[in-house]
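These notes are about the structure you will find just below.
The values are calculated or read from the model by the stated rules, or taken from the named source; none is laboratory data. Being a predicted model, the structure only gives us computed values, none of them experimental. When we count neighbours, we look across all protein chains shown, and the Cβ atoms used for this are built from the backbone with ideal geometry, even at glycine. For the accessible areas, the whole protein counts, side chains as well, though only heavy atoms, and no ligand, DNA or RNA atoms are used. Shrake-Rupley method; radii C 1.70, N 1.55, O 1.52, S 1.80 Å.
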Amino acid sequence: MTNAVERLQAVKAKIANAEREAKRAPGAVTLVAVSKTFAAEDIRPVIEAGQRVFGENRVQEAQGKWPALKAAFADVELHLIGPLQSNKAKEAVALFHVIETVDREKIAAELSKEMARQGRAPKLYVQVNTGSEPQKAGIEPREAVAFVKRCRDVHGLAIEGLMCIPPADENPGPHFALLEKLAREAGVAKLSMGMSGDYEIAIAFGATSVRVGSAIFGSR
Ligand SMILES: *Cc1c(COP(=O)(O)O)cnc(C)c1O
């Protein structure tokens with residue numbers, strides 16, 4: 001039996017190894033520990049073990065457990081990695097340091113308005129639906145570069161990176177390669193890609209952050 005802290009250390013060792021194998025600089029890849037569905041008491045030991053960057057996929061769930069954890073650990077960085085509804089933009093801007101799921105005009109407009117109103121500036125990524133899956137959030141790959149430009153020019157939003165979730169039943173490599181190409185074309189530096197099953201592959205394709213949940217916290 002292992003616990004979350006032991007699994008965290010194992011994931012960190014694998015990330016370091018994947019960085020070496022890909023000839024990436026040590027520490028080039030940020031681990032986003034995905035704590036969705038887990039309670040504050042499950043998350044706390046992982047923070048105490050030194051992990052500082054966390055991902056949640058639902059605004060409301062995160063609002064229930066993170067304000068107290070943020071108060072106790074001031075340097076925690078929280079990423080929103082799930083779809084954002086425009087009626088939750090206000091709460092998302094107030095709670096998250098990074099919003100990885102900007103994927104349409106209406107959300108961009110709503111975030112822009114809330115950021116100005118609250119005087120807060122979470123970092124923003126655009127989610128790309130690299131597999132063009134109808135049920136999945138994210139902008140279509142062929143629209144991604146123009147959308148990043150519109151976020152900047154029309155909404156005044158600096159987009160720092162792109163994010164994707166490849167189709168579950170496909171080889172993820174081509175999706176990671178596509179995201180890397182789109183980021184280059186759009187002139188953005190950060191690539192959020194890779195989950196428990198494929199984060200080492202994503203690092204080989206240039207991921208700057210990986211979102212790892214079950215390999216740390218256990219199955220959901
Ligand atoms: C749940 C989730 C993850 C983590 O998935 P695991 O397979 O548990 O590592 C990563 N990214 C997103 C967008 C998620 O919703």
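Things to note:
- Condition check for residue 96 on (1) open to solvent by less than 10 Å² (accessible area, probe 1.4 Å); (2) farther than 24 Å from residue 208 by Cα; (3) of a type outside the set (Lys, Arg): one failure, at (2).
- Test: residue 136 is of a type in the set (D, E, K, R), within 17 Å of the chain's Cα centre (by Cα) and at pLDDT 95 or above: yes
- Which listed residue is crowded, with 21+ Cβ neighbours inside 10 Å, aliphatic (A, V, I, L, M) and within 16 Å of the ligand (Cβ to nearest atom), from 126, 148: 126
- Enumeration of residues in the stretch 107-123 that are assigned to a helix (DSSP H, G or I) and loosely packed, with under 12 Cβ neighbours inside 10 Å: 117
- Within the stretch 61-106, tally of residues that are of a type outside the set (Asp, Glu) and assigned to a loop (DSSP other than H, G, I, E, B): 11
- The test for being closer than 21 Å to residue 38 by Cα, hydroxyl-bearing (Ser, Thr, Tyr), part of a loop (DSSP other than H, G, I, E, B) and under 15 Å from the mean Cα position of the chain (by Cα) does not hold for residue 219.
- In the condition set (1) open to solvent by 40 Å² or more (accessible area, probe 1.4 Å); (2) at pLDDT 95 or above, residue 193 is compliant with all but (1).
- Checked across the stretch 107-114, the condition of being without any contact (Cβ under 8 Å) to a residue 12 or more places away in the chain and more than 15 Å from the chain's Cα centre (by Cα) holds for no residue.
- Number of the condition not met by residue 216 [criteria: (1) open to solvent by 30 Å² or more (accessible area, probe 1.4 Å); (2) under 30 Å from residue 2 (Cα atoms)]: (1)
- Within the stretch 4-47, tally of residues that are without any contact (Cβ under 8 Å) to a residue 12 or more places away in the chain and over 18 Å from residue 210 (Cβ atoms): 2
- Any chance residue 91 is more than 16 Å from the ligand (Cβ to nearest atom), touching a residue at least 40 places away in the same chain (Cβ under 8 Å), in contact with a helix residue (DSSP H, G or I) (Cβ under 7 Å, 6 or more places away or on another chain) and at negative phi: no
- Criterion: at pLDDT 95 or above, crowded, with 20+ Cβ neighbours inside 10 Å and either under 17 Å from the mean Cα position of the chain (by Cα) or away from the ligand (no atom under 16 Å from the Cβ) (or both) - qualifying residue of 50, 64, 27, 55: 55
- Hits in the stretch 176-213 - residues which are touching a residue at least 40 places away in the same chain (Cβ under 8 Å), within 15 Å of the ligand (Cβ to nearest atom) and in a helix (DSSP H, G or I): 179, 199, 200, 203
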